[in-house]
Amino acid sequence: MELVLRRVGDVPSAALERAKRALLRELEFLNVYIDYKRLEPSLDAYDWERRQYVASKLLKELGKVDDTLTVYLIEADAYEDNLNFVFGLAMPWEGIAGVFLRRLRNEFYGWSPDEEKFMQRVEKEVLHEVGHLLGLEHCPNPKCVMSFSNSIYDVDFKEARFCNLCKLKIYRRFSA
Ligand SMILES: [Zn+2]
Ligand SMILES: [Zn+2]
């Protein structure tokens, strides 16, 4: 199964590479590659009143690479439906997911920058959205990467890995 990581806006290459390593570590059956071309977000998906993108609209506009699972790292803030914001969104029926980086940075909260924390959060949110692409629902285990994160504290509390139950569900479906 193939998965491509793409970037939208000023996303550091190191974030793409970190996400790739996490995916290869957790999901050995995936073939992950990086498309380094920098894409720009479509303003059609921008909500000028809220100053946020509409997550699903933006992901649909960005589209998909052939039959490949397509995951975007997006330097922006976004919301969806009645949620004030989303860290990420997956559309499993389309094979598209995105992670929005703005709220994963310490700077957003007025804290001093922490590159390593930021990278860990990128790993977690990418694994989480790819978990959804592979059919997983949210997990009640707060340490599992598939637990739902309502705040940056939740993101920091969970680990960059699937719990045994989630891992079993994925491997039952996808490993040979
Ligand atoms: Zn989720
Ligand atoms: Zn789990």
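Values in this text are rule-based calculations from the coordinates and carry no lab data. What you see is a predicted model, and the numbers here were worked out from it, not measured in a lab. All Cβ positions, glycine included, derive from the backbone under ideal geometry; neighbour counts span all protein chains shown.
Please report Leu24, Leu5 as a ranked list, fewest other C-beta atoms within 10 angstrom at the top and most at the bottom. Could the numbers behind the result be given before it?
Details: Leu24 14, Leu5 24.
Placing the least packed residue first, the sequence is Leu24, Leu5.
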Please list, by residue number, every one of the trypsin sites (Lys or Arg not before Pro) in segment 98-176 that is coil in DSSP and has at most 15 other beta-carbon atoms within 10 Å. Lys143
Relative counts (whole %) of C-alpha pair distances in segment 2-174, using bins that are 5 Å wide: 1, 9, 19, 24, 22, 16, 7, 2, 0
Dipole magnitude of the chain about its Cα centre, charges +1 at Lys/Arg Cβ and -1 at Asp/Glu Cβ only, in debye to the nearest 20? 500
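Averaging over every viewing direction, what projected area does the convex hull of the Cα atoms of segment 1-99 cover, in nm²?
Numbers: hull surface 25.3 nm².
Convex hull of Cα atoms, orientation-averaged projection: 6.3 nm².
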Estimated vicinal HN-Hα couplings, Hz - segment 137-153 in sequence order (Karplus 6.51, -1.76, 1.60; Gly, Pro = x): 9, 5, 10, x, 6, x, 8, 6, 5, 8, 6, 6, 9, 9, 8, 5, 5
Mind checking which lysines have their C-alpha under 28 Å from Lys143, skipping anything on the same chain fewer than 8 residues away? Lys20, Lys117, Lys124, Lys158, Lys167, Lys169
Out of Ile152, Ile96, Ile74, a Gaussian network model of the chain with alpha-carbon springs under 10 Å gives the largest mean-square fluctuation to Ile152
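In what order do Tyr171, Tyr79, Tyr72 fall by count of nearby beta-carbon atoms within 10 Å, going from fewest to most? All intermediate terms of the calculation are to be shown ahead of the outcome.
Working: Tyr171 14, Tyr79 17, Tyr72 27.
Lowest to highest Cβ neighbour count: Tyr171, Tyr79, Tyr72.
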Would you pull out the residues with amide H under 5 Å of Gly88's amide H, same chain only if 5 or more places away, H placed 1.01 Å from N? Phe100
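Using the number of other C-beta atoms within 10 angstrom as an exposure proxy, rank Glu49, Glu61, Glu137, Glu125 with the fewest first.
On the way: Glu49 6, Glu61 14, Glu137 11, Glu125 27.
Exposure proxy ranking, most exposed first: Glu49, Glu137, Glu61, Glu125.
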